[in-house]
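This report concerns only the one structure given below.
The values are calculated or read from the model by the stated rules, or taken from the named source; none is laboratory data. Here the structure is a predicted model, which means the values were calculated and not measured. Glycine gets a Cβ as well: all are built from the backbone with ideal geometry, and neighbour counts include every protein chain shown. Protein only, heavy atoms only, side chains kept; ligands, DNA and RNA dropped before computing areas. Shrake-Rupley method; radii C 1.70, N 1.55, O 1.52, S 1.80 Å.
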Amino acid sequence: MIKIVAIVGIVLLVLLVALGYYLFGPLARKPTPARFQCYDLTRGSYVALDAPPRAFGVGLSYAAHIEETASKFDPDAPPPIFRKDPSALVRTGATVVMPDADALLAAAEALEPGLGVALREEHRDLSALLDYEGEMGFVLLEEVDPASLDDPEFAPRLGFFVGNDVSARTLAILGEGQPNRFDYWGVSKSFPGFMPVSDRAWVPDEAKPNGIPCVVIETTVGDEIRQQQSTDNLVYTPVQMLRFIRDKYPDTPLSSGTLVLTGTPGGVAMKTPRWLARLGDLMGLSRFKKLAAKLHGDTSRFLRPGDHVVVRGEALGEVRVVIADGAAGSKAGSGF
């Protein structure tokens, strides 16, 4: 009997250790910054940033953001790539309106028929969980031949700017476990005014392979600095990002004027401890349960009406917006 109890105890201890490692263990592969050629910011000029024919976003491109969102990382797999509605673009000084419950439900229904109806039954007062994402972006200054992206010496002509990839995290959470998960990300980032950008882009005198402006991206909400990190911590180069876009959307031309938002560093409002995310997966929590947990948890870091958000990028300039509630809907997009 004593021997049986001892064996059971050892088995339980092994299971507890295994569970602890699963919940608290590090990523199998740690993301590391790409190798960049940092441009001399005194050797360049500025061009106007026009309305784009199309826009793309790249997700999970900084190690700190991968960690704070409890995301997985596979260096052999592409990062999240998604389309953004070009009409979401506004200029610095614009008012960005928080989508109300009806707007969120309509977007969910359009993305996945039946989802809006299900959400209305589950959440009568659905909130957007509005988040900021200070980022460096780049614009294509000429059309890119997709085949040229496989040439290691290829240096596309790019202009660089700062932007804020505003996100309704409620819709992004609903993509959990879905085969087209990142389409939900794109929709969550495509409401009117959800792509504030600076008025102009900086262009180097001479394009270099893997060249970027190595500047600190800083995001403030009110007087509080929420994000502050250099772009040379990006995990992917611009050419790699264009290659990922080409591979996901092979029939979409990489034409002049296309905008790419390169991803955000750590410091966003949407944070999830890795152990908690893993526990939720272990328990098989549905996307609706995960959304409910986030909606009823601590939401104090998410944006609220009246918040002033500023993204700065040193020589790349800055973009300022103020957040308003749905009653200010007529002001959305007024900055462009």
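Numbers at a glance
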quantity	calculated
Full-stretch length increase - Glu109, His296 - with 0.36 nm per residue and alpha-carbon distance subtracted	65.1 nm
Exposure ranking of Ile4, Ile323 by accessible area [1.4 Å probe, largest first]	Ile4, Ile323
Accessible surface ranking that places the most exposed of Val47, Val319, Val117 first, with a 1.4 angstrom probe	Val117, Val47, Val319
Mean separation of Cα contacts under 8 Å, 6 or more apart, over the residue count of region 169-309: relative contact order %	25 percent
Folded to 0 to 90 degrees: helix 2-24 orientation relative to the chain principal axis, Cα	10 degrees
Separation of the Phe154 and Asp232 label points, Cα + 7 Å toward Cβ, nm	2.6 nm
Helix-only mean residue ellipticity at 222 nm for the chain, each DSSP H run of n ≥ 4 adding -39500 (n - 2.57), per residue, nearest 500	-8000 deg cm²/dmol
0 to 90° range, to nearest 10: angle between helix 238-248 axis and the chain longest Cα axis	70 degrees
Per-residue SASA entry for His296, accessible area with 1.4 Å probe, Å² rounded to 10	150 Å²
Projected area, mean over directions - region 58-198, Cα convex hull, nm²	10.2 nm²
Percent of beta bridges antiparallel (DSSP, the chain, rounded to nearest 5)	75 percent
Largest-first ordering by accessible area, 1.4 Å probe, given options Met98, Met283, Met195	Met283, Met98, Met195
Cα-Cα over 18 Å, subset of Lys72/Lys271; Lys72/Lys289; Lys84/Lys189; Lys248/Lys271	Lys72/Lys289; Lys248/Lys271
Region 136-254: radius of gyration over Cα atoms, expressed as a fraction of 2.2 N^0.38 Å	1.19
Area accessible to solvent at Thr220, 1.4 Å probe radius, in Å²	10 Å²
Cα-derived Rg over Rh, computed across the chain with Rh taken as Kirkwood radius	1.02
Rg/Rh for region 204-336, where both radii come from Cα atoms and Rh is the Kirkwood radius	1.02
